[in-house]
Amino acid sequence: IEGCLRLYPVPQAPTHLDLHSQNILLQDNHFFVIDWENGGLSDPYFDLSMIAVFMRFTDTEAKQFLTAYFGHPPSQFEWDRYT
């Protein structure tokens, strides 16, 4: 695993690691993410994938979600990392 990560480094960012709709609150047009007990440094794509798993997105819905997130349709690289 270490050798693979040296060849293909994965960026680390603060991530929730348990991101689903019940951990996202909307109040006065502001979003708040709660329940950070599992949070840590990880691949940011993990949180994107977890939302899709919990929401049971189809591939079409996932591509729409990623398009909204990235501001453009996901590239093949972005889609591969996501999946």
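The values are calculated or read from the model by the stated rules, or taken from the named source; none is laboratory data. Keep in mind that what you see is a predicted model, and the values were worked out from it rather than measured. A quick note on method: Cβ atoms are made from the backbone with ideal geometry, for glycine too, and the neighbour counts reach across all protein chains shown. Please note that ligands, DNA and RNA were not included when accessible areas were found on the heavy atoms of the full protein model with its side chains. Shrake-Rupley method; radii C 1.70, N 1.55, O 1.52, S 1.80 Å.
General remarks:
- Counting only heavy atoms of the protein chains and using a 1.4 Å probe, Val53 has close to 90 Å² of accessible surface.
- Taking amide H as placed 1.01 Å from N in the peptide plane, Ser42 has its amide H under 5 Å from the amide H of Ala13, Thr15, each at least 5 places away in sequence or on another chain.
- Heavy-atom accessible area per residue - the chain, 1.4 Å, Å²: 76 Å²
- Split the accessible area of the chain by element, probe 1.4 Å, and carbon with sulfur accounts for 58%.
- Most to least packed among 25-38, 67-80 [average Cβ atoms within 10 Å]: 67-80, 25-38
- Our coupling estimate for the range 8-14, obtained by passing each phi through the Karplus curve with A = 6.51, B = -1.76, C = 1.60 and θ = phi - 60°, is 10, x, 9, x, 9, 8, x Hz, Gly and Pro reported as x.
- Accessible-area value, Met50, 1.4 Å probe, nucleic acids and ligands omitted, Å²: 40 Å²
- The range 4-56: C-alpha gyration tensor shape, a/c 1.5 cut-off, then a/b vs b/c: prolate
- Estimated [θ] at 222 nm from DSSP helical runs (n ≥ 4, -39500 (n - 2.57)) normalised by residues in the chain, nearest 500: -12500 deg cm²/dmol
- What the phi angles of the range 70-77 give under the Karplus curve with 6.51, -1.76 and 1.60, with θ = phi - 60°, is a coupling list of 7, x, 7, x, x, 5, 4, 4 Hz, glycine and proline written as x.
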